[in-house]
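Q: Right, I'll just put the structure down here and ask away after.
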Ligand code: CA
């Protein structure tokens, strides 16, 4: 049972977009195409992706700006596509926060190979070692599905536990309600954002977190939520 990896493909040239999409889909990836930078950021906010293929020269919002905006909130692997001469050298692309880059014209086969390599790297470095998250009084033991607050086990539902671990894995990262619906409840259609609000409400009650003065789960107005570790030096 392998998980389908989701790829956001940002490319304004329709022929390249279709060709690359076909190759990636043939490899079993789930591909969302975006024809410009604004569409890319909108898609990125709505859905969580495992990897982004990003053209540098784009209408509306440039590839550089898309890359920076993504990097503000996410460590998702990014492969940048550049035409010869657009970037001085490899370093410039990587300084923007991209993980890898390909110079056009490239072979879709090569892109697929890079995608596969980056995904493999991303999934071996992140997931296994973070089995236990500790933030002050809060300890989350992911493998045994337990969360403790000041040594007391919290009685969390499966969804609340999933919500807590999703947020706490990346402190400071803002999750939109849509993203949380998808990650926590496992479906991605509209209308379930309020469900996340009620899960957050219940989780906060169990964490003794006051929404007006939270210790752990913060509301990001108009967007969603983020987790912050409690300030060091308390109690
Ligand atoms: Ca372009």
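Q: In this structure, is residue 111 within 16 Å of the ligand (Cβ to nearest atom), at pLDDT 85 or above, within 26 Å of residue 25 (Cα to Cα) and not in a loop (DSSP other than H, G, I, E, B)?
A: yes
Q: Considering only region 99-107, I want to know if a residue exists there that is within 25 Å of residue 6 (Cβ to Cβ), at pLDDT 80 or above and exposed (fewer than 13 other Cβ atoms within 10 Å of the Cβ).
A: yes
Q: Name every residue in region 176-194 that is at pLDDT below 85 and buried (at least 16 other Cβ atoms within 10 Å of the Cβ), in order of residue number. Don't jump to the end; show me each part of the working.
A: So in region 176-194, the residues at pLDDT below 85 come out as 176-179, 181-194.
If the condition is that a residue be at pLDDT below 85 and buried (at least 16 other Cβ atoms within 10 Å of the Cβ), then 176, 177, 178, 179, 181, 182, 183, 184, 192 are the ones that fit.
Q: Can you confirm whether region 45-62 contains a residue that is at pLDDT below 95, part of a helix (DSSP H, G or I), touching a strand residue (DSSP E or B) at 6+ places or on another chain (Cβ under 8 Å) and buried (at least 22 other Cβ atoms within 10 Å of the Cβ)?
A: Checking region 45-62: not a single residue is at pLDDT below 95, part of a helix (DSSP H, G or I), touching a strand residue (DSSP E or B) at 6+ places or on another chain (Cβ under 8 Å) and buried (at least 22 other Cβ atoms within 10 Å of the Cβ).
Q: Shifting gears a bit: In the list 15, 32, 47, which residue meets the criterion of being within 16 Å of the ligand (Cβ to nearest atom) and in the same structural domain as residue 104 (by TED's automatic domain parsing)?
A: Details: 32 fails: within 16 Å of the ligand (Cβ to nearest atom); 47 fails: within 16 Å of the ligand (Cβ to nearest atom).
Only one candidate qualifies: 15.
Q: Being outside any helix (DSSP H, G or I) and surrounded by fewer than 18 Cβ atoms within 10 Å (Cβ to Cβ) is the filter here, so list the residues in region 13-31 that pass it.
A: First pass over region 13-31, keeping only residues outside any helix (DSSP H, G or I): 13, 27-31.
Scanning region 13-31 gives 13, 27, 28, 30.
The values are calculated or read from the model by the stated rules, or taken from the named source; none is laboratory data. Predicted model, so just to flag it, every value in this text is computed and none were measured. Methodologically, a virtual Cβ is constructed for each residue, glycine included, from the backbone with ideal geometry; neighbour enumeration extends over all protein chains shown.
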